[in-house]
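So the structure is just underneath, and the comments pick up after that.
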Amino acid sequence: MTTSRVFRTARAACLRVATIAALLVGLTRGTPARADNVDQLINQLATASSDKVRLSAALNLTKLADPRAILPLVKALGNDSDETVRSAAAVGLGEMVDAKTKSNIKNLAVSTLKTAAASDSSSLVREQAAQALKAIGVTAPTPVQAPSSATGGGASAIYVNIGPMSSKTGDTASDAKLKALMVKVATKTMGKVASNMALTWPGGLPTKAQLDAKSTMGFYVDGTVNELKVKQSGSSATVSCKINMLLASFPDKSIFGLLDGRASVQSSGSASEVALASEDCVSAVVEDLIAKKIVPTITTKATP
């Protein structure tokens, strides 16, 4: 049985849990992962195009139990496209996050695990995230039911237009990257927690008449990185970020909701690690706001 295969039935989902567990055992008994490979494995987990390679990286990072792997596993749990990789990331966090983990990193991991346990599209990921929270000593949230359509009929009863986002860090290159990251994370999170809400429309952006013709309610989501601070302390750094997001009707963009979120991430003081920590901070806030505030608000608005 290959680890990248997509399983459709409940029985197969159970088999996949067993597969992950078996791989963990296999890694323990087989050729050991080397401690000097941590950076390479982190890079593979973040950038490899192959699901198998990313899964292997997540499992090996769990085997090594290096604290540097916690944030990359958090990022994989929140953003990876493959449910098996996300599940392995959840398993890894359950193994690695403990009382010795720095509080801001632990809080970020717990927050991401809670989001996954409550609203990931995969039952396997929800189960593994809940088990990880239990291992950490945190009560898992009740899984969120998929939002129902506004009319009880078509799957496109809700259309959400995600705006271009903006960033005000003052660094042109960094702002461009953060804007693109916000759009990517918002889109992925919407796809995971509200898969019945349409994010695209045939032929481009719909007009009010086109939405009405399909009995579809339109919404607009946009956001801004208003604050990104780096505090150096010896060889380490703490990155904090503040993001504001708005929720409006579409296409008239009449604002009815203003939301904000904050997070902080600790990293080494190197420029590359600070850059990654900045991305992790922004990603965590956007995902949290979309999953916990924006989607529930849209669902409430769309309910007769």
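The values are calculated or read from the model by the stated rules, or taken from the named source; none is laboratory data. Quantities reported herein were computed from a predicted structural model and do not represent experimental measurements. A quick note on method: Cβ atoms are made from the backbone with ideal geometry, for glycine too, and the neighbour counts reach across all protein chains shown. In case anyone asks, the SASA skips ligands and DNA or RNA and just uses the protein heavy atoms, side chains included. Shrake-Rupley method; radii C 1.70, N 1.55, O 1.52, S 1.80 Å.
Structure above, values below:
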read-out: Calculated FRET value between Thr172 and Ser236, using beta carbons and R₀ = 22 Å, to 0.05; value: 0.25
read-out: Distance between modelled label sites at Ser215 and Ser81, nm, 7 Å Cα→Cβ extension; value: 3.4 nm
read-out: Cα-based Kirkwood hydrodynamic radius, the stretch 200-304, one decimal, Å; value: 15.7 Å
read-out: Computed label-point distance, nm, for sites Thr187 and Ala99 using a 7 Å Cα→Cβ extension; value: 4.5 nm
read-out: Segment Asn37-Leu205, extension gain: residue separation times 0.36 nm, minus the distance between their alpha carbons; value: 55.9 nm
read-out: Near-label residues of the stretch 217-253 by backbone N, under 18 Å of a point 7 Å along Cα→Cβ of Asn196; value: 217-219
read-out: Distance (nanometres) between label positions extended 7 Å along Cα→Cβ at Lys52 and Ser254; value: 5.5 nm
read-out: Accessible area (Å², per residue) of the stretch 201-289, counting only protein heavy atoms and a probe of 1.4 Å; value: 47 Å²
read-out: Lys229-Ala180 FRET efficiency (beta carbon distance; Förster radius 25 Å; 0.05 resolution); value: 0.75
read-out: Where only alpha carbons of the stretch 77-140 are counted, the Rg and the Dmax (Å); value: 10.5, 31
read-out: C-alpha center-to-center spacing [the stretch 254-304, the stretch 57-125] in angstrom; value: 17 Å
read-out: Per residue Cα convex hull volume in Å³ - calculated over the stretch 184-251; value: 112 Å³
